[in-house]
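To keep things clear, I will list the structure first and then write my remarks on it.
The values are calculated or read from the model by the stated rules, or taken from the named source; none is laboratory data. The structure displayed is predicted, hence computed values, not measured ones. All Cβ positions, glycine included, derive from the backbone under ideal geometry; neighbour counts span all protein chains shown. Just so you know, the surface numbers come from the protein's heavy atoms only, side chains and all, with ligands and any DNA or RNA stripped out. Shrake-Rupley method; radii C 1.70, N 1.55, O 1.52, S 1.80 Å.
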Amino acid sequence: VGSKHRTRIPPVPQNADAPQLFDDTSAAYGPQQPGYPAPSIDMGFNQIFADPVANVAMAYGTTIASQGKDIVHKEIHRFMSMNKLKYFFAVDTTYVMKKLALLVFPYVHQNWEVRYHRDVPLTPRQDVNAPDLYIPSMAFITYILLAGMALGLQKRFSPEVLGMCASTAFVWVVIEVLALLLGLYLVTVQSDLGTFDLLAYCGYKYVGMILAVVGGLAFGSNGYYIALAWASCALMYFTVRSLRMKILPSMVQEGMSRPSGRAQMYVTLAAAAFQPLILYWLTAQLVH
């Protein structure tokens, strides 16, 4: 039986001048000494987690953070309840048309009472007297668009001026809401008027501002002053009748004295009398 012999290939000699692809760094590390553990990176976490005091501190910190989170969520829910906010946007096309007609022609409206069902006020789509935030929001956006158009027609448009108009209109409403809250607090009114309710009633002035600006752009100064006068009177009448129906029931239920009721009426009348000044202040610069 024949046997096959494998030919052994001799090793290729290395050229000392040939460049190496990688440097040999194995000589930099000496042989591992017996009895010593392999080197590793130790950042101290094992000692921290093994310390019972550190574990107790971490558990306590987690509890405090959880309690703080619950408190923050509770306060946010108190002032910015999503269910309450959804109520003010529960509108439809019929309600919007009726409400706009009520804001422009409030004199023909008879029943101003907000209707309730099991001590819960009906949604705006079910009651035209209920306050909403949809119309103030859309009216504010429309006012900003009209302001930009009016400034463009007068060759005075710039992003800074338009931003100033928007911020001024918003800040005035916030100031008015805060002033009403302070006034109602000082005269000790315990009514169902909340921050969102006052924001809605104060925000309805944007509808009158749009009417005044449109009158000024369409018919000049005479049209502006006529539209401003009509919008101011309508807004004053609407504010008095709406806030009166919100405040008087609480006065009757609590059996307040006559001077206290008179003070509350003064707050309502002051809020109504302030409306023409704001309307003129926020619209006069757009048509002159």
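Shape call for region 159-241 from the C-alpha gyration tensor, a ≥ b ≥ c root eigenvalues: rounded (a/c under 1.5), prolate (a/b greater than b/c) or oblate? Mind showing how you got there, number by number?
Details: a/c = 3.29, a/b = 1.63, b/c = 2.01.
Judged from the Cα gyration tensor, region 159-241 comes out oblate (a/c at least 1.5, b/c at or above a/b).
Give the accessible surface of region 133-285 per residue, rounded to a whole number of Å², with probe radius 1.4 Å and ligands, DNA and RNA excluded. Kindly include the intermediate steps, with their values, before the conclusion.
Numbers: 7560 Å² over 153 residues.
Value returned for region 133-285: 49 Å² of accessible area per residue.
The Cα atoms of region 102-166 cover 54, 25, 15 Å along the three principal axes, with the biggest extent listed first.
Projected label points at Trp230 and Leu100, each 7 Å from Cα along the beta carbon direction, are separated by 1.5 nanometres. Taking the average, over residues, of other Cβ atoms within 10 Å as the packing measure, peptides 111-120, 221-230, 150-159 rank 221-230, 150-159, 111-120 from highest down. When the accessible area of region 133-285 is computed with all protein chains present and a 1.4 Å probe, what percentage of it is carbon and sulfur? Roughly 73 percent of what the probe reaches on region 133-285 is carbon or sulfur.
Which order do the peptides 136-143, 198-205, 238-245 take when ranked by the mean count of other beta-carbon atoms within 10 Å per residue, highest first? If you can, show how the numbers build up before the last one.
Numbers: 136-143: 17.2, 198-205: 22.8, 238-245: 20.1.
Sorting 136-143, 198-205, 238-245 by mean packing, highest first, produces 198-205, 238-245, 136-143.
In a simple Cβ point-charge model (Lys, Arg +1; Asp, Glu -1; nothing else charged), region 133-285 has a dipole of about 280 debye relative to its Cα centre.
As a calculated quantity, the FRET efficiency between Tyr107 and Gln154 at R0 = 41 Å, using C-beta atoms, amounts to about 0.75.
At 0.36 nm per residue, and after removing the present C-alpha to C-alpha distance, how many nm does the segment from Phe219 to Lys84 gain when stretched out fully? Present the calculation step by step, with values, prior to reporting the outcome.
On the way: separation 135, 0.36 × 135 = 48.60 nm, distance 4.14 nm.
Length gained between Phe219 and Lys84: 44.5 nm.
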